[in-house]
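Each remark here refers to the structure printed beneath this line.
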């Protein structure tokens, strides 16, 4: 395996683990691609890099499968690795296509906030509305926390795999 292929393979595992956690699925990146395909075209147009990310995800999945299942060299290049690293960062920062689409949908479905209070709206009612808004923020923080825990678990798993790979190479000598 070439150094570039090895870096892509490792980065793919990181992104795949995040996607597995996001969707509670064993499919990871494949599930992410499926979710992208489920969205209608008019929704996709709200996300600038949708088509590019979709095409690149399919490409890196194909390259990863070639690396994992075939002994021959792939056409993996430095651009593939760099793009996957950048996508990984966007995924963590919720700037990936599905996150941007979700944010766009939330903006469209949310009624515009009113500055003035309706007559008869009590302080108690406004307090309830604020508590509900706080609850939404708590859910978002819980999601971030769960993704970080998943990443930590994935990092431990990758460290164990690296130890086994080193042990295997030593035993092969």
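The values are calculated or read from the model by the stated rules, or taken from the named source; none is laboratory data. These figures come from a predicted structure and were not determined experimentally. Counting neighbours? That spans all protein chains shown, and the Cβs are built from the backbone with ideal geometry, glycine included.
Criterion first (assigned to a loop (DSSP other than H, G, I, E, B), modelled with pLDDT under 95, in contact with a helix residue (DSSP H, G or I) (Cβ under 9 Å, 6 or more places away or on another chain) and under 16 Å from residue 7 (Cα atoms)) does residue 117 satisfy it?
Working: assigned to a loop (DSSP other than H, G, I, E, B): yes; modelled with pLDDT under 95: yes; in contact with a helix residue (DSSP H, G or I) (Cβ under 9 Å, 6 or more places away or on another chain): yes; under 16 Å from residue 7 (Cα atoms): no.
So residue 117 fails the test.
Kindly indicate whether any position in the stretch 58-65 is surrounded by 14 or more Cβ atoms within 10 Å (Cβ to Cβ), without any contact (Cβ under 8 Å) to a residue 40 or more places away in the chain and over 15 Å from the mean Cα position of the chain (by Cα).
Within the stretch 58-65, one or more residues are surrounded by 14 or more Cβ atoms within 10 Å (Cβ to Cβ), without any contact (Cβ under 8 Å) to a residue 40 or more places away in the chain and over 15 Å from the mean Cα position of the chain (by Cα).
Which members of the stretch 1-20 meet the condition of being under 30 Å from residue 107 (Cβ atoms) and at pLDDT below 95?
none
Please work out which residue is modelled with the lowest pLDDT, limiting yourself to the stretch 66-75 and to residues that are loosely packed, with under 11 Cβ neighbours inside 10 Å and outside any helix (DSSP H, G or I).
Looking at residues that are loosely packed, with under 11 Cβ neighbours inside 10 Å and outside any helix (DSSP H, G or I), I get 71.
State the number of residues belonging to the stretch 18-33 that are in a helix (DSSP H, G or I), in contact with a helix residue (DSSP H, G or I) (Cβ under 7 Å, 6 or more places away or on another chain) and surrounded by fewer than 20 Cβ atoms within 10 Å (Cβ to Cβ).
So the answer is 5.
With respect to residue 45, determine if the residue is surrounded by fewer than 17 Cβ atoms within 10 Å (Cβ to Cβ), within 16 Å of residue 154 (Cα to Cα) and at pLDDT below 95. Walk me through how you get there before you give the answer.
On the way: surrounded by fewer than 17 Cβ atoms within 10 Å (Cβ to Cβ): yes; within 16 Å of residue 154 (Cα to Cα): no; at pLDDT below 95: yes.
No; evaluated as a whole, the condition is false for this residue.
So which residues in the stretch 36-65 are part of a loop (DSSP other than H, G, I, E, B), over 19 Å from residue 22 (Cα atoms) and in contact with a helix residue (DSSP H, G or I) (Cβ under 7 Å, 6 or more places away or on another chain), if there are any at all?
46, 47, 49
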